[in-house]
Amino acid sequence: MITLTSSDGQTFDVDEVVAVEMQTIKHMMEDGCAESGIPVPNVTGKILAKVLDFCKKHVETVKAEELKAWNADFIKVDQVTLYDLIMASNYLDCKKLLDLTCQTVADMIKGKSPEDIREIFNIENDFTPEEEEKIRKANQWAFE
């Protein structure tokens, strides 16, 4: 068992086979840094729990169809949680989770106009109409 401590002080006892799904943790274990527990300063307990659920499921499940359905349910989260999962999976180097979360964002914006994307992610358009027109002309291929 490996003990992980989140940024808000929550501790999680994790089987080694699950922990090595996260390359950052795996490397710390290989370097002998896991005896007294591993701090995970960039990840809250809420998000670390979800990351660990994901890793555990991916270690335990062998049927691709079952895993695909589970992933689809797992990723049904609000945007803040999705963003936090992306940041955590990147920090922990959990490629499967990073791929799933980034694909979810890509699916959210696929086929959307820049205006729609700004609305989805609450992004303020800080271009003047003249600046925006100049960018559209320079990158016309992207708007076809």
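Those residues that are of a type outside the set (Gly, Ala, Ser), over 20 Å from Asp84 (Cα atoms), without any contact (Cβ under 8 Å) to a residue 24 or more places away in the chain and in a helix (DSSP H, G or I), I need them from the stretch 50-70; list them, please. Before you say what the answer is, go through the steps one by one.
Taking the stretch 50-70 and keeping what is of a type outside the set (Gly, Ala, Ser), we get 50-63, 65-68, 70.
Pick out the ones that are also over 20 Å from Asp84 (Cα atoms) and you get 59-63, 65-68.
From what is left, the residues that are without any contact (Cβ under 8 Å) to a residue 24 or more places away in the chain are 60-63, 65-68.
The answer is Glu60, Glu65, Glu66, Leu67, Lys68.
Tally the residues that are modelled with pLDDT of 90 or more and touching a Ser or Thr at 6+ places or on another chain (Cβ under 9 Å), restricting the search to the stretch 6-35.
Residues that pass the stated criteria total 9.
Look through Ile2, Ile75, Ile47, Ile25 and report the one residue that is touching a helix residue (DSSP H, G or I) at 6+ places or on another chain (Cβ under 9 Å), buried (at least 17 other Cβ atoms within 10 Å of the Cβ), more than 30 Å from Phe127 (Cβ to Cβ) and touching a residue at least 60 places away in the same chain (Cβ under 8 Å). Can you show your working first?
Details: Ile2 fails: touching a residue at least 60 places away in the same chain (Cβ under 8 Å); Ile75 fails: touching a residue at least 60 places away in the same chain (Cβ under 8 Å); Ile47 fails: touching a residue at least 60 places away in the same chain (Cβ under 8 Å).
After applying the criteria, what remains is Ile25.
Counting only residues that are open to solvent by 90 Å² or more (accessible area, probe 1.4 Å) and farther than 22 Å from Ile109 by Cα, which one in the stretch 123-141 is farthest from the chain's Cα centre (by Cα)?
This residue is Glu130.
Just name the residue that is nearest to Phe127 (Cα to Cα) out of those in the stretch 101-114 that are out of contact with any helix residue (DSSP H, G or I) (no Cβ under 6 Å at 6 or more places or on another chain) and either modelled with pLDDT of 95 or more or polar (S, T, N, Q) (or both).
Out of the qualifying residues, it is Ser113.
When the residues of the stretch 80-115 are filtered to those that are under 8 Å from the mean Cα position of the chain (by Cα) and acidic (Asp, Glu), which remaining residue is surrounded by the fewest Cβ atoms within 10 Å (Cβ to Cβ)?
Filtering the stretch 80-115 down to residues under 8 Å from the mean Cα position of the chain (by Cα) leaves 82-90, 97-102.
Narrowing the set further to residues that are acidic (Asp, Glu) leaves 84, 99.
Working: Asp84: 21, Asp99: 11.
Result: Asp99.
Here are some conditions: (1) open to solvent by less than 10 Å² (accessible area, probe 1.4 Å); (2) at pLDDT 95 or above; (3) in contact with a strand residue (DSSP E or B) (Cβ under 9 Å, 6 or more places away or on another chain). Ile38 meets all but one. Which one does it not meet?
(2)
The values are calculated or read from the model by the stated rules, or taken from the named source; none is laboratory data. Keep in mind it's a predicted model, so treat the numbers as computed, not measured. All Cβ positions, glycine included, derive from the backbone under ideal geometry; neighbour counts span all protein chains shown. For the accessible areas, the whole protein counts, side chains as well, though only heavy atoms, and no ligand, DNA or RNA atoms are used. Shrake-Rupley method; radii C 1.70, N 1.55, O 1.52, S 1.80 Å.
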